[in-house]
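Note sheet for the following structure.
The values are calculated or read from the model by the stated rules, or taken from the named source; none is laboratory data. What you are looking at is a predicted structure, and each value in this text was computed from that prediction instead of being measured. FYI the Cβ positions are ideal-geometry reconstructions off the backbone, even for glycines, and counts take in every protein chain you see. Side chains are part of the model used for accessible areas, which takes the heavy atoms of the whole protein and leaves out ligands, DNA and RNA. Shrake-Rupley method; radii C 1.70, N 1.55, O 1.52, S 1.80 Å.
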Amino acid sequence: DGGITQSPKYLFRKEGQNVTLSCEQNLNHDAMYWYRQDPGQGLRLIYYSQIVNDFQKGDIAEGYSVSREKKESFPLTVTSAQKNPTAFYLCASSIAGQTYEQYFGPGTRLTVT
Amino acid sequence: AQSVTQPDIHITVSEGASLELRCNYSYGATPYLFWYVQSPGQGLQLLLKYFSGDTLVQGIKGFEAKFKRSQSSFNLRKPSVHWSDAAEYFCAVGPMEYGNKLVFGAGTILRVKS
């Protein structure tokens, strides 16, 4: 079955450590996205990529970094510069170009203490 | 800038009752509109979308939504709610031109009373 996988489901880190969240899709989509979800705030866009080897900052990119070396993969690194990293992170993908619906992975809950 | 408002943070309905979740958007032209549903600790699932044409769109799980251009609204409806509909619902808006970025509302949590 086609879909998006995110691993791990739960992630725990100590403050000051960088951590990388995995996102893989087999939908053959060109576009991929990372969102952060906090209670009562909906989804906020961190980074997005319309094509391999290219990506753009979203609304809250500070303290995060991404890479897009393969069409299927779009890992997100939460750096120690992110002041409040504890959140639920969602990865999504879509057909690139005109606005199309986005398909979401199951999410990773990151807890930093 | 685009924005999406979901005025109700929480809504509680009885099982079997009808449901309407409100969504208002701010955008300079007719956008593409979406409704997603999220169960606790899960990803988002697309319920329905509006691109053009008939202003009443049908989705999965018995949901429908009405696009009203004059009111900049895209309200989600269901005639008879089931206990399994309890979840959080998100409205989203995207541009018609190239861009493919969606702006999401803050969400409405639906509780279903038995």
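Can you tell me which residue is surrounded by the fewest Cβ atoms within 10 Å (Cβ to Cβ) among those in the range A:88-108 that are in contact with a Leu (Cβ under 8 Å, 6 or more places away or on another chain) and within 7 Å of chain B (Cβ to nearest Cβ)?
A:Glu101
With the structure loaded, tell me whether B:Leu76 is at pLDDT 95 or above, out of contact with any Asp or Glu (no Cβ under 8 Å at 6 or more places or on another chain) and surrounded by 19 or more Cβ atoms within 10 Å (Cβ to Cβ) or whether it fails that test.
Criteria not met by B:Leu76.
Which ones in the range B:92-102 are at pLDDT 90 or above and either part of a helix (DSSP H, G or I) or closer than 15 Å to A:Gln37 by Cβ (or both)?
Answer for the range B:92-102, where residues must be at pLDDT 90 or above and either part of a helix (DSSP H, G or I) or closer than 15 Å to A:Gln37 by Cβ (or both): just B:Ala92.
Quick check on my filter: what residues within the range B:39-84 are over 17 Å from B:Ile11 (Cβ atoms) and among the polar types (S, T, N, Q)?
Scanning the range B:39-84 gives B:Gln42, B:Gln45, B:Ser52, B:Thr55, B:Gln58, B:Ser70, B:Gln71, B:Ser72.
Restricting the range A:9-24 to residues that are under 12 Å from the mean Cα position of the chain (by Cα) and farther than 18 Å from A:Ser80 by Cα, which is surrounded by the most Cβ atoms within 10 Å (Cβ to Cβ)?
That would be A:Cys23.
Please state which one of A:Gln50, A:Gln6 is closer than 25 Å to B:Val4 by Cβ, in contact with a Pro (Cβ under 8 Å, 6 or more places away or on another chain) and open to solvent by 10 Å² or more (accessible area, probe 1.4 Å).
Step by step, each of A:Gln50, A:Gln6 is checked, and only A:Gln6 is closer than 25 Å to B:Val4 by Cβ, in contact with a Pro (Cβ under 8 Å, 6 or more places away or on another chain) and open to solvent by 10 Å² or more (accessible area, probe 1.4 Å).
Do we find a residue being more than 13 Å from the chain's Cα centre (by Cα), among the aliphatic types (A, V, I, L, M), part of a loop (DSSP other than H, G, I, E, B) and within 14 Å of chain A (Cβ to nearest Cβ) anywhere in the range B:19-37?
Taking every residue of the range B:19-37 in turn, at least one turns out to be more than 13 Å from the chain's Cα centre (by Cα), among the aliphatic types (A, V, I, L, M), part of a loop (DSSP other than H, G, I, E, B) and within 14 Å of chain A (Cβ to nearest Cβ).
Return the residues of the range A:25-47 that are of a type in the set (D, E, K, R) and either within 19 Å of B:Ala92 (Cα to Cα) or surrounded by 24 or more Cβ atoms within 10 Å (Cβ to Cβ) (or both); say none if nothing qualifies.
Correct list: A:Arg36, A:Asp38, A:Arg44.
Within the range B:58-67, is even one residue crowded, with 17+ Cβ neighbours inside 10 Å, in contact (Cβ under 8 Å) with a residue 60 or more places away in the chain and touching a Lys or Arg at 6+ places or on another chain (Cβ under 6 Å)?
For the range B:58-67, residues crowded, with 17+ Cβ neighbours inside 10 Å, in contact (Cβ under 8 Å) with a residue 60 or more places away in the chain and touching a Lys or Arg at 6+ places or on another chain (Cβ under 6 Å): absent.
Pick from B:Lys113, B:Lys101, B:Lys49: which is closer than 20 Å to A:Asp59 by Cα and charged (D, E, K, R)?
Only one candidate qualifies: B:Lys101.
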